[in-house]
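One structure is given below, encoded as structure tokens.
The values are calculated or read from the model by the stated rules, or taken from the named source; none is laboratory data. None of the values given here were measured: they were computed from a predicted structure. Glycine also receives a Cβ, built like all others from the backbone with ideal geometry; neighbour counts cover every protein chain displayed.
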Amino acid sequence: MRGWESDMLLENVKLALTGLLANKMRTFLTMLGIIIGIASVIAIMTVGDAMNKSVMGSMGDMGVNNISLYIMQKMGEDYDYTSDTFVRDMKDKDYVSEEMIKDLTDHFKDKVEGVALKKSVGEVKIEDGKKYANISLEGVNNSALKQTKVKILAGRGFSENEQNESRKVIVVSDRYVDNMLGTEPAAALGQTVEAVIDNKYYSYTIIGVYEYSESQAGGMGAGKSQKDIRTSAYIPLQTAIIQLREKYQFDELEVVAKNGADQGVLATEISEYFNNKYYKENDAYESYAYSMKEEIKSMESMLNTQTYAFAAIGAISLLVGGIGVMNIMIVSITERTREIGTRKALGATNGCIRLQFITEAVVVCFIGGILGVIVGQIFGIMASKMMGYSGSASVGGIIFCVLFSMAFGVFFGYYPANKAAKLNPIEALRYE
């Protein structure tokens with residue numbers, strides 16, 4: 001930009017600020033529509049960011065590197081998707097066996113870290129006099145226990161011998177220890193957990209205590225007392241299988257991919273490998289695998305689209321603010337008709353007059369946009385904290401909102417500025 005042009009722009013900004021400060025209340029009311037519009041967009045983006053982080057965090061805890069493998073009914077071209085009937089119940093040959101799991105890990109050893117296996121034993125209420133604790137008892141292998149991402153406070157997880165020999169050992173939460181034993185986690189090691197499951201008595205030795213977090217409740221702990229919240233307790237997978245009198249077979253499992261592996265491609269490869277080798281001749285069932293990472297990407301895209309849609313709806317209020325700016329600019333031009341005539345008589349061109357009033361409209365919208373960002377951030381952060389999340393609008397989103405408000409100033413300021421530029425100087429000087 002040449003020197004005289006920058007000086008002219010700076011002079012126009014000074015004139016705009018002088019005019020705005022001369023009518024503070026009118027200026028504030030003019031900005032109000034812009035402030036509300038920008039604030040609503042920023043607040044929506046902030047709350048949307050907080051919700052995205054919460055959902056993505058919850059899904060990430062489920063295992064970002066996991067590939068879920070299910071055994072499901074075959075759905076060929078002739079399958080009736082409106083029907084709820086199944087071809088037949090699952091038989092032993094339809095389940096994933098121990099040999100199939102070993103084959104999977106051997107075949108994809110360069111891409112698969114392990115297979116997480118779980119068996120739900122049931123929900124149990126442990127009681128000792130007036131003391132009680134609610135637990136969900138799960139049998140897990142070591143890969144599954146690792147995938148829970150629990151933080152061990154005292155003790156350890158399961159050894160290979162404890163898994164293979166079906167030892168009656170258990171890993172419980174610090175919430176359970178506090179409710180039943182009233183001791184520090186380390187003092188609970190070696191204590192027993194006595195449970196009645198399906199009218200049968202079982203006793204487990206505590207070998208590990210993990211830190212319970214509210215996120216593990218999945219929102220199910222809301223409104224419950226600390227003693228009534230149900231926490232998970234883990235026993236070796238083989239122990240659970242024997243207790244349940246089941247076979248070592250599964251209709252769903254989690255495959256843990258190694259870092260660097262393409263989960264989407266690997267999911268397809270695993271599904272095709274199983275179907276071609278084990279389910280090609282199966283008359284009713286087949287395997288289906290999908291990547292948790294792909295699901296997370298899909299969910300993130302959906303949530304972002306939703307946030308942008310709400311932000312766009314909030315931005316409609318900017319139109320009201322823009323119309324307010326146009327209206328006040330027309331009033332301002334009417335009041336300053338003689339000033340415009342004087343400037344033209346002194347040699348000001350139509351372009352100079354037009355630039356003066358467009359600059360004034362842009363300054364109004366710029367200041368309104370900055371204030372709107374501040375107000376929107378405050379209300380957005382407050383709303384996020386009330387929901388129990390933390391969030392913030394992106395820097396790119398903030399810059400876009402400010403630039404957008406300035407563009408509104410140009411758009412809605414052009415008509416009144418052009419009207420001022422076209423005033424006849426003689427008529428303007430005669431205006432009372």
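Points to keep in mind about this one:
- Scan of segment 75-123 for residues that are at pLDDT below 90, of a type in the set (A, V, I, L, M) and within 29 Å of ILE197 (Cα to Cα), ordered by number: MET90
The rows are residues; the columns are (1) surrounded by 13 or more Cβ atoms within 10 Å (Cβ to Cβ); (2) modelled with pLDDT of 75 or more; (3) at positive phi; (4) assigned to a helix (DSSP H, G or I).
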position: ASN259; (1), (2), (3), (4): no, yes, no, no
position: LEU266; (1), (2), (3), (4): yes, yes, no, yes
position: GLU269; (1), (2), (3), (4): yes, yes, no, yes
position: ASN276; (1), (2), (3), (4): no, yes, no, yes
position: ASP283; (1), (2), (3), (4): no, yes, no, no
position: SER317; (1), (2), (3), (4): yes, no, no, yes
position: ILE328; (1), (2), (3), (4): yes, yes, no, yes
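- Number of the condition not met by VAL410 [criteria: (1) more than 31 Å from the chain's Cα centre (by Cα); (2) modelled with pLDDT under 80]: (2)
- Among the candidates ARG2, ARG26, the residue that is surrounded by fewer than 18 Cβ atoms within 10 Å (Cβ to Cβ) and at pLDDT 75 or above is uniquely ARG26.
- Condition check for SER173: farther than 30 Å from ALA257 by Cα, in the same structural domain as TYR234 (by TED's automatic domain parsing) and at pLDDT below 95: no
- On the stretch given as segment 391-408, residues that are among the polar types (S, T, N, Q) and part of a helix (DSSP H, G or I) total 1.
- Qualifying positions in segment 338-385 - under 14 Å from ILE44 (Cα atoms) and of a type outside the set (Gly, Ala, Ser): VAL373, ILE374, VAL375, GLN377, ILE378, PHE379, ILE381, MET382, LYS385
- Tally, over segment 105-162, of residues that are assigned to a strand (DSSP E or B) and of a type outside the set (Phe, Trp, Tyr): 29
- Among the residues of segment 166-190, those that are touching a residue at least 24 places away in the same chain (Cβ under 8 Å) and either closer than 12 Å to ILE235 by Cα or among the polar types (S, T, N, Q) (or both) comprise SER166, ARG167, LYS168, VAL169, ILE170, VAL171, VAL172, SER173, ASN179.
- Residue in segment 142-152 that is at pLDDT 90 or above, closer than 22 Å to VAL196 by Cα, within 32 Å of the chain's Cα centre (by Cα) and of a type in the set (S, T, N, Q) present: no
- Segment 239-257 - residue that is aliphatic (A, V, I, L, M) and not in a helix (DSSP H, G or I) and, of those, nearest to ASP94 (Cα to Cα): LEU253
- Selection status of MET292, at pLDDT below 75, closer than 27 Å to GLU252 by Cα and either in contact with a Gly (Cβ under 9 Å, 6 or more places away or on another chain) or of a type outside the set (S, T, N, Q) (or both): yes
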